[in-house]
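Below: one structure, written as structure tokens.
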Amino acid sequence: MSAAEAVGQGWDAPWYRVRTEAFEASFLPSPDEDLNLVCNVDVFVDLQDGSRWTATLFTVGEVERLMDVWAESGEALGGRFFWVSDGLIVRDPGVESMSQVIAGLIETDEFSTVFQRIEDD
């Protein structure tokens with residue numbers, strides 16, 4: 001079984017959790033959001049070694065939409081830039097697609113350079 005194959009998934013309000021053999025991802029979509037269309041979501045990832053990580057995932061289309069909104073509102077120099085400290089831009093929407101990206105980052109040892117580690121207090 002690869003890191004991308006879910007062994008369990010479902011709602012644990014307010015979280016939508018995806019469990020694989022390599023990680024558990026806890027997504028925080030809006031309550032009525034279609035999970036196949038999620039395009040801007042916070043996610044917390046627990047790895048097998050007990051470490052916890054976080055990022056905000058955006059689709060390319062969502063980044064463009066936000067920049068268009070900001071062009072109207074004047075934020076971010078009139079929508080001329082997009083920046084978030086823990087952001088990860090993905091091509092395709094949806095929790096399943098985003099979970100596959102997380103699995104791919106783990107499998108290629110790029111996960112820790114993309115996600116931010118949450119330190120224990």
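State all residues of region 93-111 that are exposed (fewer than 14 other Cβ atoms within 10 Å of the Cβ) and either touching a helix residue (DSSP H, G or I) at 6+ places or on another chain (Cβ under 7 Å) or without any contact (Cβ under 8 Å) to a residue 40 or more places away in the chain (or both); if no residue qualifies, say none.
Answer for region 93-111, where residues must be exposed (fewer than 14 other Cβ atoms within 10 Å of the Cβ) and either touching a helix residue (DSSP H, G or I) at 6+ places or on another chain (Cβ under 7 Å) or without any contact (Cβ under 8 Å) to a residue 40 or more places away in the chain (or both): Thr108, Asp109, Glu110.
Is it the case, given these coordinates, that Gly10 is on the phi > 0 side of the Ramachandran plot, modelled with pLDDT under 95 and open to solvent by less than 40 Å² (accessible area, probe 1.4 Å)?
yes
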Out of (1) over 15 Å from Arg17 (Cα atoms); (2) not in a strand (DSSP E or B), the odd one out for Ser99 is which?
(1)
Please enumerate the residues belonging to region 52-86 that are in contact with a helix residue (DSSP H, G or I) (Cβ under 6 Å, 6 or more places away or on another chain) and loosely packed, with under 15 Cβ neighbours inside 10 Å.
Ala71, Gly78
Could you go through region 33-42 and let me know if any residue there is in contact with a helix residue (DSSP H, G or I) (Cβ under 8 Å, 6 or more places away or on another chain) and part of a strand (DSSP E or B).
yes
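The values are calculated or read from the model by the stated rules, or taken from the named source; none is laboratory data. Computed from a prediction, not measured in an experiment: that's the story for all the values here. When we count neighbours, we look across all protein chains shown, and the Cβ atoms used for this are built from the backbone with ideal geometry, even at glycine. For the accessible areas, the whole protein counts, side chains as well, though only heavy atoms, and no ligand, DNA or RNA atoms are used. Shrake-Rupley method; radii C 1.70, N 1.55, O 1.52, S 1.80 Å.
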